[in-house]
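S.K.: Structure in structure tokens, see below.
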Amino acid sequence: QVQLAESGGGEVQVGGSLRLSCAASGRIFTNYMAWFRQARGKEHEIVASISWGSGTIYYPDSVKGRFTISKDNAKNTVDLQMNSLKPEDTAVYYCAAGPYSTTSWQGFSYWGQGTQVTVSS
């Protein structure tokens with residue numbers, strides 16, 4: 001069993017920055033970590049993923065150039081640095097762990113409790 005705990009959410013003004021952190025514990029037999037978000041009334045959307053081993057990274061176009069995912073294998077943590085935030089980035093952000101490289105919510109096996117990010121104008 002893998003436990004994931006997010007931290008670092010909050011409210012920020014347009015153009016500001018936030019850093020989210022995900023601490024993973026338990027039996028960590030997963031290859032990929034990702035950050036998803038879910039805005040009110042919308043589906044889950046991947047915002048970044050990273051491989052524990054190779055460090056291969058994926059970003060969708062909606063956040064490319066603004067968000068940066070990073071990992072610390074020794075600490076079992078994955079961070080998401082979010083810059084140039086926009087109102088449309090407002091959502092609950094979730095850390096996820098899974099065995100495959102996928103952009104699908106259903107492809108991940110473990111989830112954190114989520115942390116709210118609000119970008120105000």
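S.K.: Looking at the structure I just gave you, is Pro60 free of Cβ contacts under 8 Å to residues at least 60 places away in the same chain and at negative phi?
M.R.: Yes; evaluated as a whole, the condition is true for this residue.
S.K.: Same structure, new question: Condition first: farther than 19 Å from Glu6 by Cα, among the acidic types (Asp, Glu) and modelled with pLDDT of 95 or more. Can you find one or more residues in region 65-85 that meet it?
M.R.: The answer is no; no qualifying residue exists.
S.K.: Would you point out the residue of region 97-112, among those that are among the hydrophobic types (A, V, I, L, M, F, W, C) and touching a Ser or Thr at 6+ places or on another chain (Cβ under 8 Å), that is farthest from Val12 (Cα to Cα)?
M.R.: Taking the candidates together, the pick is Phe108.
S.K.: Oh, and also: Can you pull out the residues in region 64-81 that are of a type outside the set (Ser, Thr, Tyr), open to solvent by less than 40 Å² (accessible area, probe 1.4 Å) and within 16 Å of Cys22 (Cβ to Cβ)?
M.R.: Of everything in region 64-81, those that are of a type outside the set (Ser, Thr, Tyr), open to solvent by less than 40 Å² (accessible area, probe 1.4 Å) and within 16 Å of Cys22 (Cβ to Cβ) turn out to be Phe67, Ile69, Val78, Asp79, Leu80.
S.K.: For the list (1) within 13 Å of Val117 (Cβ to Cβ); (2) open to solvent by 30 Å² or more (accessible area, probe 1.4 Å), I need the number of the one condition that Ile57 fails.
M.R.: (1)
S.K.: Filter region 1-60 down to the residues that are basic (Lys, Arg) and modelled with pLDDT of 95 or more and list them by number.
M.R.: Result: Arg19, Arg37, Arg40, Lys42.
S.K.: Another one. Every residue in region 23-63 that is out of contact with any Phe, Trp or Tyr (no Cβ under 9 Å at 6 or more places or on another chain), part of a strand (DSSP E or B) and among the hydrophobic types (A, V, I, L, M, F, W, C), please.
M.R.: Ala23, Ile57 - these are the residues of region 23-63 that are out of contact with any Phe, Trp or Tyr (no Cβ under 9 Å at 6 or more places or on another chain), part of a strand (DSSP E or B) and among the hydrophobic types (A, V, I, L, M, F, W, C).
S.K.: Further question on the same structure: Tell me which residues, restricted to region 82-102, are of a type in the set (Ser, Thr, Tyr) and either touching a His at 6+ places or on another chain (Cβ under 6 Å) or surrounded by 13 or more Cβ atoms within 10 Å (Cβ to Cβ) (or both).
M.R.: Within region 82-102, Ser84, Thr90, Tyr93, Tyr94, Ser101, Thr102 meet the criteria.
The values are calculated or read from the model by the stated rules, or taken from the named source; none is laboratory data. This one's a predicted model, so the numbers in the text were calculated from it and none came from an experiment. With ideal geometry, Cβ positions are generated from the backbone for all residues, glycine too; neighbour counts draw on all protein chains shown. Remember, those area values only see protein heavy atoms, side chains included, never the ligands or the DNA or RNA. Shrake-Rupley method; radii C 1.70, N 1.55, O 1.52, S 1.80 Å.
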